[in-house]
Amino acid sequence: MTPKVPFGGDYNPEQWPEPVWDADDRLFAQASIDTVTLGVFDWSLTQPAPDRYDFTLLDRIVARSTAQGRMICLATGTGAHPAWLARAHPEVTRVDFEGRRHRFGQRHNSCPSSPMFRRLSTELARRVARRYAGNPSVVAWHVGNEYGGACYCELCAAGFRRFLRDRYGTLAALNTAWYTTFWSHTFTDWDEIEPPSALTEHWRGPDHTAFQGITLDYRRFMSEAMLTNFVDEKAAIRESSDLPVTTNFMGMYRPIDYHRWAAHLDFASWDNYPPDDDSPAWMALSHDLMRGLKGGQPFWLMEQTPSTTACRDVNPLKRPGVLRLWSWQAVAHGADAVLFFQLRASRGACEKYHGAVIGHAGRSDTRVFREVVELGAELRRLGGVTLGARTPARVALLFDWDSWWALEISDGPSRLVRYQQVVLAYYQALWSCGVDIDVVPVSADLAGYQVVLAPALHLVKDDLADRLARVALRGGSVLTTFLSGRVDVDGNAFLTDVPGPLAPLTGVRVDEWDARGADVVNPVCLGHDDDRTEVPARLVFELVIPVGAEVVGSYRADFYAGTPAVTRNSYGDGHGWYVGTALDQPGVDWVVRRILDHHGLTGPHPDVPGLERTVRVAPDGTRLLFLLNHGTEPIEIAATVDGVDLLTGARVESGGPVRLDTAGVLVIREDECG
Ligand code: GLA
Ligand code: ZN
């Protein structure tokens, strides 16, 4: 088969009779569907009893896909445990945050520490891999499904204590890290330590804890415990197969630190279900975060709905052309596969109204099916030119689960500050300038970047402050914001001026901060002379005292009117920016635009609403320019490159007009220069 972007998705033919499979096959062929993800929730099918494995049906399904020449992403099937297992071993089900032991039901519900779950899930993975490893149609292994949630059972408590012994060595070190002299919490025996839940350190839910250090460590432990489940299954697969192993992530998903997981996956993959139908920057950020997991290597778009989700209160349709637009957006950001959930709709249960390539009636003359057919044909014509292509970003945005957790579990200054929103505002500003962005962990090598944004970097650990300083020293710009540089790896405040280790770089000191309701606006005046603008700011107002930094913006109201809100510090050959408040989007845009302009990194069409622009560079050096229109109006811009639009074959000449209809997409292969 000629190499091309794999196209298809989750397929569950075990849910319907075999004659329907024939119809599915015909429709798949019509839609150029060449890849199926099989067996994601097959555990009760493949192991109907403790001592019995039965692959008869899965054999037939796999054989059918193989005969049809389709590539198979084969799941281990451990995302939902069977009823017999929960009945025979009640400890495989989870204990929730309120301390309630769950009984059999739903999915993604296994206790990660349960020896029985671990043994049986690993054994199933081993058997699946052994059985199908020799099948040349199998191209990848899909372990579990959307790992997440948390368990608070006794087994997890014991696992937590082991995790803590490894982390701290001694109780003295743990007591110091957790600051247990507060509220008489000094631990004198490891067995006194409880998982932080509604029964222990928490009130009003998982974000309200008496001890940030304990809760931070429990989140780290849970993320680690589930990673162990993945690693166990992967090792079992490795006994008989060298094929790449992945599990489907969920983008910005708080409970799991994907940066800690990334090294264990052979490639990253994720499920794109944006919060609403007007979130192009949210999706772009999520794609870039997923691409950043494996150092910029392409990822798979493992799931997206062709039309509508089912789990929300209100589930809108993707408008005509949006299925195509969002699929190309994924490719524009580094996806090397475009897959759907689901290829055919379930007849029963909670996803029966979830969008599918093929609906209950099995028709090919539906709008959705036609759009899938068109996209399939387009991807076929495109061939393999995007495969393995990398994003040439000079701008990095730091994303950090520890900071996310630490910020949102802290009491004070404001529960209204949400990590994702702060990060998204800065990403959105970069995105609308059409600049390529790497979203990277705080441990990433920053040497290749001219601009590094570190919004809401609440927790600063290891040598991060030094590495950020070095970006500025060699002429780069670093930006950080309010509530950054506040705590160390244990969630304890630094015994220095705020923003802690970021103070030398930013050249400021923050002694006080004011938090107000979302309706309270303190305008910030940005810039000087003829480049002056006033923008709203909200939520948190830090009282910023320059210690060498120049003032870029000042508050206009309240007792701190006239004092700095935004500053820029000269540091080495570069700059450290500090934004002491939650500027509304226009303010964030203003600041980010100044930084990009300074480095000549602003894209050629920064002010065109809805326009998205990314670049990928193929392994052979071919430059691909993606232009997408997420807006409600057609876009006409002047081309900045010579090349060919690979989707239509049309020539594009630099300076000449380029037109993008609403939901329009261009993939321009740039001519080789010189
Ligand atoms: C997730 C799951 C799928 C399905 C879809 C529905 O991504 O992995 O099994 O439930 O959501 O949107
Ligand atoms: Zn548990």
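Quick note: the coordinates plus some simple rules give every number you see, no bench work behind them. The shown structure was predicted, so the numbers you read here are calculated from the model rather than taken from an experiment. With ideal geometry, Cβ positions are generated from the backbone for all residues, glycine too; neighbour counts draw on all protein chains shown.
Data table
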| item | result |
| --- | --- |
| Sequence-distant residues sharing a close amide H with Thr93 (under 5 Å, placed H) | Cys111 |
| Phe187/Asp671 FRET efficiency (R0 60 Å; Cβ-Cβ; nearest 0.05) | 0.35 |
| Rounded to 5, the percent of DSSP beta bridges in the chain classed as antiparallel | 55 |
| Radius 15 Å from Cβ of Asp466, net charge of other residues (Lys, Arg +1; Asp, Glu -1) | 0 |
| Exposure proxy order (Cβ contacts within 10 Å, fewest to most) of Thr228, Thr46 | Thr228, Thr46 |
| Dipole of the chain, positive end: most advanced residue of Ala49, Gly9, Val510 [Cβ charges, Cα centre] | Ala49 |
| Cα gyration tensor category, rounded, prolate or oblate, for the range 395-599 with a/c compared to 1.5 | rounded |
| Listed peptides 662-668, 489-495 by packing density, highest first (mean Cβ within 10 Å) | 662-668, 489-495 |
| The chain: C-alpha pair distances exceeding 38 Å, % | 39 |
| Inter-site label distance for Asp365 and Ala447 at 7 Å from Cα along Cβ, in nm | 6.3 |
| Rough spin-label spacing in nm, given labels placed 7 Å along Cα→Cβ, for Gln297 and Asp511 | 5.2 |
| Asp661/Gln15 FRET efficiency (R0 30 Å; Cβ-Cβ; nearest 0.05) | 0.20 |
| Inter-centroid distance (Cα atoms) of the range 1-72 relative to the range 488-536, Å | 54 |
| Additional length obtainable on full extension of the chain from Ser570 to Arg87, 0.36 nm per residue less Cα span | 167.4 nm |
| Long-range HN-HN contacts of Trp513 with modeled amide H, under 5 Å | Leu543 |
| For the range 395-599, size of Cβ-based charge dipole, Lys and Arg +1, Asp and Glu -1, in debye | 140 |
| Cα-based shape type of the range 155-231, given that a ≥ b ≥ c are square roots of the gyration tensor eigenvalues and the cut on a/c is 1.5 | oblate |
| Kirkwood-type radius of the range 611-670, with distances r between different C-alpha atoms, in Å | 11.5 |
| Ordering of 447-456, 339-348 by packing [mean C-beta count within 10 Å, highest first] | 447-456, 339-348 |
| Dipole of the range 611-670, positive end: most advanced residue of Ala650, Thr622, Ala663 [Cβ charges, Cα centre] | Thr622 |
| Hull volume in cubic angstrom per residue (convex hull over the Cα atoms of the range 49-155) | 100 |
| Separation in nanometres of the label points that stand 7 Å from Cα toward Cβ, at Asn135 and Ser240 | 1.2 |
| Size of electric dipole in the chain: Cβ of Lys, Arg +1 and of Asp, Glu -1, about Cα centre, debye, nearest 20 | 1680 |
| Net +/- balance of residues flanking Asp24 in space, Cβ distance below 15 Å, scoring K and R +1, D and E -1 | +1 |
| The chain - mean residue ellipticity at 222 nm from DSSP helices (-39,500 (n - 2.57) per run, n ≥ 4, rounded to 500) | -9000 deg cm²/dmol |
| Karplus-derived HN-Hα couplings along the range 634-642 (A = 6.51, B = -1.76, C = 1.60, θ = phi - 60°), whole Hz, x at Gly and Pro | x, 10, 10, 9, 8, 5, 10, 9, 9 |
| Neighbourhood charge, 14 Å Cβ-Cβ cut-off, centred on Asp242 and excluding it, Lys, Arg +1 and Asp, Glu -1 | +1 |
| Rg over Rh, two decimals, the range 249-371 (C-alpha only, Kirkwood Rh) | 0.98 |
| For the chain, with +1 on Lys and Arg beta carbons and -1 on Asp and Glu, the positive-most of Ala284, Thr122, Val592 along the dipole | Thr122 |
